[in-house]
1. Any residue at all in region 18-27 that's at pLDDT below 90, under 21 Å from residue 154 (Cβ atoms), touching a helix residue (DSSP H, G or I) at 6+ places or on another chain (Cβ under 7 Å) and surrounded by fewer than 16 Cβ atoms within 10 Å (Cβ to Cβ)?
2. Suppose we filter region 105-121 for residues that are exposed (fewer than 14 other Cβ atoms within 10 Å of the Cβ) and either under 14 Å from residue 135 (Cα atoms) or touching a residue at least 60 places away in the same chain (Cβ under 8 Å) (or both); how many remain?
3. Based on what the data block shows, is residue 251 more than 26 Å from residue 156 (Cα to Cα), modelled with pLDDT of 95 or more and over 17 Å from the mean Cα position of the chain (by Cα)?
4. Could you give every pair whose Cβ atoms fall below 8 Å, whose first residue belongs to region 222-247 and is free of Cβ contacts under 8 Å to residues at least 12 places away in the same chain and in the same structural domain as residue 207 (by TED's automatic domain parsing), and whose second residue is in a helix (DSSP H, G or I) and surrounded by 11 or more Cβ atoms within 10 Å (Cβ to Cβ), counting only separations of at least 6 or pairs across chains?
5. Provide a single number: the residues in region 113-169 that are part of a loop (DSSP other than H, G, I, E, B) and farther than 24 Å from residue 88 by Cα.
6. Name the residues in region 1-17 that are assigned to a loop (DSSP other than H, G, I, E, B) and either surrounded by 23 or more Cβ atoms within 10 Å (Cβ to Cβ) or within 16 Å of the chain's Cα centre (by Cα) (or both), would you?
7. Considering only residues that are out of contact with any strand residue (DSSP E or B) (no Cβ under 9 Å at 6 or more places or on another chain), crowded, with 16+ Cβ neighbours inside 10 Å and closer than 17 Å to residue 184 by Cα, which ones fall in region 214-251?
């Protein structure tokens, strides 16, 4: 049969575009001809991508080249990054691409003139899907008509293949000046003001008063964070690694004891969380229900890590994991099992291929009965049932950490909303103690 031609599109190939690379690498080459396309300069050498089994196209900002590519494909799978001005989607419509699929990261709808041409929206987590439904004021039934959830892929196989030896881990920790009895906590992420908050530095201040510990910062440190480190006299407890390559990141994840994650705006998925889970490391996160909150979808409290909403409780969580090495290892293993089952492209690529096949069949562009029957048995994951039950599941997860505000507190929240445009809903912490459910 003639292969199904897919153009997987994002702004840049490389770091942050792993989904394009992994899908290109793992998709069934007997049925699909996938091109990984980056609009601007790539973070990774094109030859390196080809060696990974990826067919790259780096456009260097040339929209005319994209126009030519669009005329030669059956499916255009693009990232929401461009949906705010919709130039890319409109180009695909004008080029007559049969199937348009949007990868939706932040849960925003598209303008109606473009929306009517989109065949499928793939939301990157159930949390984002829930946000999308609330913003669009649609029911779950309406949502499931042309929307679905497909988790971001995490290259678990790559972690397994490139796992460093114990000696390499020991040498790496020694190169960072980590004592054998010290706990190495890690924060991975770009130095973006929206992502950074004083939370992690305040957490470290509490933590070093409980146990010997150091914080490894990967991805860069804003200037104001460096000032905060000096203010708390934590210079000896912080290691600024800077930007790490993919190879270095794998070694870092395997060398740390705990990944700590906190963000002002939360996560629509949380790639660094999934990567730490792939390396069998427990993760400590905070909950941000007023914005994106997929981090508490990835981290099952007391199973794959902890949800701790204050610097004190976050430090308590890391100290608990240090004092209970068996629980730390077990949580890391449970996180690995979840990453392999939910986020490994070897697990969810079949679901994506099924979406491709079904959409083409619906448009009368595919009439291969053997191919259709092969994918008929492939389950969607997450399933529509998983999406339907998530709102209840989400509220149950929040119940562990938040109470409904009192009348006085609600009045204060409303006042803040009116005067300073605060979040729509108010959440009040139940207490400042770490919630540790019965473990295993």
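1. There is no residue in region 18-27 that is at pLDDT below 90, under 21 Å from residue 154 (Cβ atoms), touching a helix residue (DSSP H, G or I) at 6+ places or on another chain (Cβ under 7 Å) and surrounded by fewer than 16 Cβ atoms within 10 Å (Cβ to Cβ).
2. Final tally of qualifying residues: 1.
3. no
4. 235/229
5. Looking only at that region, the number is 9.
6. Selection gives 13, 14, 15, 16, 17.
7. Listed by number, the residues that qualify are 250, 251.
A quick yes/no check of all residues on (1) within 24 Å of residue 348 (Cβ to Cβ); (2) assigned to a helix (DSSP H, G or I); (3) free of Cβ contacts under 8 Å to residues at least 40 places away in the same chain:
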position: 33; (1), (2), (3): yes, no, yes
position: 64; (1), (2), (3): no, yes, yes
position: 67; (1), (2), (3): no, yes, yes
position: 73; (1), (2), (3): yes, no, no
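The values are calculated or read from the model by the stated rules, or taken from the named source; none is laboratory data. Quick caveat, the model's predicted, so the values are computed rather than measured. A quick note on method: Cβ atoms are made from the backbone with ideal geometry, for glycine too, and the neighbour counts reach across all protein chains shown.
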